[in-house]
Each structure stands twice: as structure tokens, then as C-alpha cells.
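What follows is a short report on a single structure.
The values are calculated or read from the model by the stated rules, or taken from the named source; none is laboratory data. Note that this is a predicted model, so its numbers are computed, not measured. Glycine gets a Cβ as well: all are built from the backbone with ideal geometry, and neighbour counts include every protein chain shown.
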Amino acid sequence: MSWVSIGKMKCNTCGLCVLRCAGVYSKVDGEIVARADASNCIACGLCISLCTTQAIVHSEMNTENLSGYARNVVAPGEMASDSRSL
């Protein structure tokens with residue numbers, strides 16, 4: 001079972017998670033798929049902080065600890081240019 005789940009209703013399939021953490025995330029048939037466990041995820045929280053729609057839920061992290069991190073750290077223009085290559 002994956003540590004990470006993606007809220008399909010929230011996910012806009014921008015692909016930032018795929019670009020920043022390809023070991024966990026991939027894009028398959030236009031959908032973002034996550035497969036995270038102890039072998040490929042260090043629970044750093046980067047994926048959660050990058051997700052502009054807050055679609056990523058990580059079962060092994062206390063997301064309260066992310067309050068000091070800036071959410072949505074990538075400007076919308078940067079997101080669009082990065083996600084075009086996916």
C-alpha cells in the first residue's frame with residue numbers, strides 16, 4: 001500500500017510532483033499515480049508543499065510539521081512551463 005494518495009477531484013495533473021519526485025510519482029494515461037514506501041520516499045514533504053491544489057495526502061507524515069514551509073512555492077507561470085514537458 002502506498003504511503004501517498006492523490007485526491008483525484010483536487011489534482012489538476014500539473015505534474016510538479018512527477019518532476020520533483022519521479023521515484024514516487026508518475027503520469028500514466030494523463031493521471032498522476034503515486035507509489036510511495038520506505039524504499040523510495042524519505043517523507044521530506046516536498047511533494048505536499050509543491051501541490052498547489054493540496055491534492056496529496058501522505059499517511060506517514062504529520063503534516064502539521066509543514067506549517068513552517070511555504071505552500072505553493074512555485075509561481076503559476078513556472079508550473080505551466082514545467083508541466084508542458086510531461
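List the pairs whose first member sits in region 26-43 and is among the hydroxyl-bearing types (Ser, Thr, Tyr), whose second member is exposed (fewer than 12 other Cβ atoms within 10 Å of the Cβ) and modelled with pLDDT under 95, and whose Cβ atoms are under 7 Å apart, counting only residues at least 6 apart or on separate chains?
Pairs that qualify, where the first residue is among the hydroxyl-bearing types (Ser, Thr, Tyr) and the partner is exposed (fewer than 12 other Cβ atoms within 10 Å of the Cβ) and modelled with pLDDT under 95: there are none.
Any residue at all in region 23-35 that's among the hydrophobic types (A, V, I, L, M, F, W, C) and closer than 19 Å to Asn62 by Cβ?
There is at least one residue in region 23-35 that is among the hydrophobic types (A, V, I, L, M, F, W, C) and closer than 19 Å to Asn62 by Cβ.
Please go through region 1-10 and pick out each residue that is under 12 Å from Ile56 (Cβ atoms) and part of a loop (DSSP other than H, G, I, E, B).
Scanning region 1-10 gives Ser2, Trp3, Gly7, Lys8, Lys10.
Considering each of Val73, Val57, Val33, Val18 in turn, give the residue that is β-branched (Val, Ile, Thr), at pLDDT 90 or above and surrounded by fewer than 16 Cβ atoms within 10 Å (Cβ to Cβ).
Values: Val73 fails: at pLDDT 90 or above; Val57 fails: surrounded by fewer than 16 Cβ atoms within 10 Å (Cβ to Cβ); Val18 fails: surrounded by fewer than 16 Cβ atoms within 10 Å (Cβ to Cβ).
Only one candidate passes the filter, namely Val33.
Considering only residues that are touching a Ser or Thr at 6+ places or on another chain (Cβ under 7 Å), β-branched (Val, Ile, Thr) and either closer than 13 Å to Ala55 by Cα or part of a strand (DSSP E or B) (or both), which ones fall in region 11-34?
Correct list: Ile32, Val33.
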